[in-house]
């Protein structure tokens, strides 16, 4: 778990840069809010309603991912965004 936590910040940063054009195209916020890794860990450890979406390739997801995260590769996000819940916090990485 320590290795995964160390890479989590890098993954979130990379995913943010990759997602920005898609988020703007779909009409969401101009710039999504960034979340510190410690805050995400706190939310995941609590009973908060948070969905974690892993936008990396399916292969990368199979190799390692945040426990409980769902896999929707970035290339599929535009087609599959309706699968995401309408309520609660959604964190992409």
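Quick notes on this one:
- Projected over every direction and averaged, the convex hull enclosing the alpha-carbon atoms of the stretch 31-82 yields 4.4 nm².
- Likely footprinting exposure, 54, 45, fewest C-beta neighbours within 10 Å first: 45, 54
- Residue 58 versus residue 84: modelled label distance in nm, points set 7 Å from Cα along the beta carbon direction: 2.1 nm
- Sorted by Cβ density within 10 Å, fewest first, the residues 62, 42: 62, 42
Read-outs throughout are calculated quantities, based only on the coordinates presented, and are distinct from any laboratory measurement. As the structure is a prediction and not an experimental result, all values here were calculated from the model. Because the Cβ atoms are built from the backbone with ideal geometry, glycine has one as well, and the counts that use them run over all protein chains shown.
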